[in-house]
Amino acid sequence: MFQVPRGTRDFTPEEMQKRRYIERNMTRTFLSFGYGEIQTPTFENVELFTAKSGEGILGEIYNFTDKGGRELALRPELTAPVIRCYVERLQMEPKPLKLFYFGNCYRYDRPQKGRYREFQQAGCELIGVDTPEATAELLALAFTLLKSVGLKNVRLNIGNLTIIHAIFKKLNLTKDAQKILLPLIDKSLFDELPAALQECGVSEKNTDHFVHILQTTDIKDIHEYLKDDPEAIKALTEMEAVLRLLSNEFHVTEYGIKLSIVRGLDYYKGLVFEIDAPVLGAEKQLCGGGAYDLVSLFGGTNVPTAGFAIGFDRTILALEAENFTFPPSKLDVYIIPVTPEMNSTTITLAQHLRAEGFTVDFDQLRRGIGKSLKYAATKHVEKVLIVGPKELENHTVTLRDMKTGNQETIAIAEISKKLKTT
Ligand code: HAM
């Protein structure tokens, strides 16, 4: 009768098991890089998102008026909320501030595989530092997060908006022309770009050169192209320092320069990056981020900021596409009372073993040994304890190893010790 709203999903225990595995794994990695967890509300004042992007963003987000007449929006991402919280409460904290988060985001996107209206991001914001070592570590963290959950094939692509703007300046492109060109560059539409450039007044020769530079993976080409612009050369030299640290010290080598990465969101500047899982095809972008400016817009004292967010849902899709075996959910012990008279002992035993740290369940349907054993097998139970009247008289139970089918009689007092050693 009722169905989930379009673009949203329910997660069954089996799916939640995968999500929690990734969350645990990523939390460990964030903590190991010195980050602390932060949580912000699911909804914010809508101005937080229109402040930088303008009213145009309203078509892409869930916004509403509450009963008090406040204009609110479900968060489409967490960078603006985290920076709002930083300006409100954390500005006096010692720098750098390293914050990570997991959170649901809401976008009025057209749903398809890997693109949802409610999805989860795992991300982080680095506040108060922009040295090459800090930027290299941020890139290494994004890469490590995806590798350490088990992904084999991911590709890090690095762009730079300072360099893109230097190229725009070199070609005398107006702000209006840039607005037309940036979306084409963002989508790598290199076939459509020459006509658009020429319409913006760029000569055919310069057009060819520009399209080549956008696609080059050789930083020397870019150096040569922009050698007369000191600001661009400074940005390039800084980027080279970051890349050297990334490969030589952080040992991340699966990356490339891709100047066509310009990022859709409006707050970026300087170095930007994306990580793709080629196995996914259309919605292959697992992670996006870079340096950005929001602090002063939100009324804070300007400090460098950078960060990234990983699409949680796409990470799972990529792992599945690579045939990753997720750790199975498992129940350590299942207890079967042979008759309802054995319930009291069964419950006492279950509670005792739970307190000892085992995951334990027991038969509550009174369905007999045969059916209970079948149920235990479907739950990937390792050990079954059968509580029968005769054994109980001797303070013992039957321990069945579900892998081998072997059974033995053991004293109740010995169960915990026995389970720990087998
Ligand atoms: P973003 O590129 O918009 O960046 O989103 C980051 C990731 O979220 C994407 O790479 C993608 O995996 C996932 N994602 C985005 N939209 C959807 C969707 N509709 N369904 C499923 N997954 C989706 C940001 O959000 C920035 N706040 C990242 C950042 C943090 N930049 C600096 N700090």
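The values are calculated or read from the model by the stated rules, or taken from the named source; none is laboratory data. This structure is a prediction, so every number in the text was calculated from the model and none was measured. Here Cβ is always computed from backbone atoms with ideal geometry, including for glycine, and neighbour counts include all displayed protein chains. Calculation scope for accessible area: heavy atoms of the full protein, side chains included, ligands and nucleic acids excluded. Shrake-Rupley method; radii C 1.70, N 1.55, O 1.52, S 1.80 Å.
Does Leu90 satisfy the criteria of being modelled with pLDDT of 95 or more and within 26 Å of Ile275 (Cβ to Cβ)? No.
The residues listed here are Leu317, Leu297, Leu286; of these, the one that is under 28 Å from Gly159 (Cα atoms), open to solvent by 10 Å² or more (accessible area, probe 1.4 Å), in contact with a Gly (Cβ under 7 Å, 6 or more places away or on another chain) and within 16 Å of the ligand (Cβ to nearest atom) is Leu317. A count restricted to segment 77-89 and to residues that are open to solvent by 10 Å² or more (accessible area, probe 1.4 Å) and near the ligand (Cβ under 9 Å from one of its atoms) stands at 2. Scanning segment 146-204 for residues that are under 30 Å from Ala318 (Cα atoms), among the hydrophobic types (A, V, I, L, M, F, W, C) and open to solvent by 20 Å² or more (accessible area, probe 1.4 Å) turns up Leu182, Leu184, Leu189, Phe190.
Selection of first residues in segment 1-20 that are open to solvent by 100 Å² or more (accessible area, probe 1.4 Å) and of second residues that are among the aliphatic types (A, V, I, L, M), restricted to Cβ pairs under 9 Å at least 6 apart or on distinct chains, gives the following pairs, ordered by first then second residue: Asp10/Val4. Can you find a residue in segment 387-404 that is closer than 30 Å to Cys85 by Cα and open to solvent by less than 60 Å² (accessible area, probe 1.4 Å)? No, the conditions are met nowhere in segment 387-404. What single numbered condition from (1) among the hydroxyl-bearing types (Ser, Thr, Tyr); (2) part of a helix (DSSP H, G or I); (3) in contact (Cβ under 8 Å) with a residue 12 or more places away in the chain fails to hold for Thr217? Condition not satisfied by Thr217: (2).
The set of residues from segment 245-283 being away from the ligand (no atom under 12 Å from the Cβ) and charged (D, E, K, R) comprises Glu249, Glu254, Lys258.
Annotation: Lys95 fulfils all but one of (1) at pLDDT below 95; (2) charged (D, E, K, R); (3) open to solvent by 60 Å² or more (accessible area, probe 1.4 Å); the unmet one is (1).
Considering segment 320-363, the residues that are among the hydrophobic types (A, V, I, L, M, F, W, C) and assigned to a helix (DSSP H, G or I) include one that is surrounded by the fewest Cβ atoms within 10 Å (Cβ to Cβ), namely Ala355. Residues in segment 32-53 that are without any contact (Cβ under 8 Å) to a residue 12 or more places away in the chain and either surrounded by 13 or more Cβ atoms within 10 Å (Cβ to Cβ) or not in a helix (DSSP H, G or I) (or both): Thr50 only. Looking only at segment 261-283, residues that are hydroxyl-bearing (Ser, Thr, Tyr) and buried (at least 20 other Cβ atoms within 10 Å of the Cβ) come to 1 in all. For segment 257-292, residues that are of a type in the set (A, V, I, L, M, F, W, C), within 18 Å of Gln112 (Cβ to Cβ) and part of a loop (DSSP other than H, G, I, E, B) total 1.
What is the number of the single condition among (1) out of contact with any helix residue (DSSP H, G or I) (no Cβ under 9 Å at 6 or more places or on another chain); (2) loosely packed, with under 11 Cβ neighbours inside 10 Å; (3) part of a helix (DSSP H, G or I) that Gly56 does not meet? The number of the failed condition is (1). Does Val381 satisfy the condition of being out of contact with any helix residue (DSSP H, G or I) (no Cβ under 6 Å at 6 or more places or on another chain), open to solvent by less than 30 Å² (accessible area, probe 1.4 Å), touching a residue at least 12 places away in the same chain (Cβ under 8 Å) and under 22 Å from Glu14 (Cβ atoms)? Yes, satisfied.
Residues of segment 227-251 that are surrounded by 14 or more Cβ atoms within 10 Å (Cβ to Cβ) and touching a residue at least 60 places away in the same chain (Cβ under 8 Å): Asp229, Ala232, Ala235, Leu236, Glu238, Met239, Ala241, Val242, Leu243, Leu245, Leu246, Phe250. Among residues belonging to segment 90-139 that are more than 10 Å from the ligand (Cβ to nearest atom) and part of a helix (DSSP H, G or I), point out the one that is farthest from Leu317 (Cα to Cα). The selected residue is Leu90.
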